[in-house]
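The values are calculated or read from the model by the stated rules, or taken from the named source; none is laboratory data. No experiment lies behind these values; they were computed from the predicted model shown. Every residue, glycine among them, receives a Cβ derived from its backbone with ideal geometry; neighbour counts consider all protein chains shown.
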């Protein structure tokens, strides 16, 4: 029976948007930037599937994922430029993530010396062997958590010498929009790059405008995330 040969097309897609919220500490509004990325893959049969159609299929799949992602609240992290605090939910999520990573990597690193201690110092029949292995894993996991938390977000105002380029006041956002219009740049992608983040050199980079979770700003429709996504979906559906 002849084998069926498939070909695969991988399309990297990055999407970036600004999220405006009211700070839970000082009640002032500010906007922070959130970027996500994913590689969307589609398969086809050589001679029957061309790259154009496969790219269209991958783009349609990306739209579903991006819409679902943009419906979620409390995403990303950005320091309030007014009071220099991160939101409590940002800090809690960051610390949870760091704890899990610290336990995993610390425990993994503790397994190796623990196993060496068991096999090299204690006999295989000694009950101290597994005890030493377990103790080493636990100790290294605790140490891993301690080290990981030092790199996570912290509660309270951040040091004066710390700057978060991914957060802006309303006035700074207005200046960004003005300068981007003059230079004919996508404001969100320009902000994303200026904050030290990267975009795909070979892929799709989407600037998705702004999502106002504060409910206090009447954004022009052409700057709204939903509108930009609708326009993108319409352009994908027009591909022939």
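Identify all residues within the stretch 80-89 that are in contact with a strand residue (DSSP E or B) (Cβ under 9 Å, 6 or more places away or on another chain) and within 10 Å of residue 153 (Cβ to Cβ); write none if there are none. Listed by number, the list holds a single entry, 87. Within the span defined as the stretch 2-9, every residue fails to be assigned to a helix (DSSP H, G or I), at pLDDT 85 or above, surrounded by 14 or more Cβ atoms within 10 Å (Cβ to Cβ) and touching a helix residue (DSSP H, G or I) at 6+ places or on another chain (Cβ under 7 Å).
Residue by residue, here is whether (1) outside the structural domain of residue 53 (by TED's automatic domain parsing); (2) within 20 Å of residue 40 (Cβ to Cβ); (3) modelled with pLDDT of 85 or more holds:
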{"position": "179", "(1), (2), (3)": "no, no, yes"}
{"position": "189", "(1), (2), (3)": "no, yes, yes"}
{"position": "203", "(1), (2), (3)": "no, yes, yes"}
{"position": "206", "(1), (2), (3)": "no, yes, yes"}
{"position": "216", "(1), (2), (3)": "no, no, no"}
{"position": "228", "(1), (2), (3)": "no, yes, yes"}
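For the stretch 62-84, state whether one or more residues are part of a helix (DSSP H, G or I) and more than 20 Å from residue 16 (Cβ to Cβ). Checked the stretch 62-84: no residue is part of a helix (DSSP H, G or I) and more than 20 Å from residue 16 (Cβ to Cβ). Only one of the listed residues (49, 57, 41) is touching a strand residue (DSSP E or B) at 6+ places or on another chain (Cβ under 9 Å), at pLDDT below 95 and either assigned to a loop (DSSP other than H, G, I, E, B) or within 25 Å of residue 168 (Cα to Cα) (or both). That residue is 49. Candidates in the stretch 215-240 are the residues that are in a loop (DSSP other than H, G, I, E, B) and without any contact (Cβ under 8 Å) to a residue 24 or more places away in the chain; of these, the one that is farthest from residue 28 (Cα to Cα) is 240.
For the stretch 75-100, the tally of residues that are over 15 Å from the mean Cα position of the chain (by Cα) and either surrounded by fewer than 15 Cβ atoms within 10 Å (Cβ to Cβ) or modelled with pLDDT of 95 or more (or both) stands at 14. On the stretch given as the stretch 180-202, residues that are assigned to a loop (DSSP other than H, G, I, E, B) and either touching a helix residue (DSSP H, G or I) at 6+ places or on another chain (Cβ under 6 Å) or surrounded by fewer than 15 Cβ atoms within 10 Å (Cβ to Cβ) (or both) total 6. Looking for something modelled with pLDDT under 90 and in a helix (DSSP H, G or I) - is there at least one such residue anywhere in the stretch 152-173? No, there is no match, as no residue in the stretch 152-173 is modelled with pLDDT under 90 and in a helix (DSSP H, G or I).
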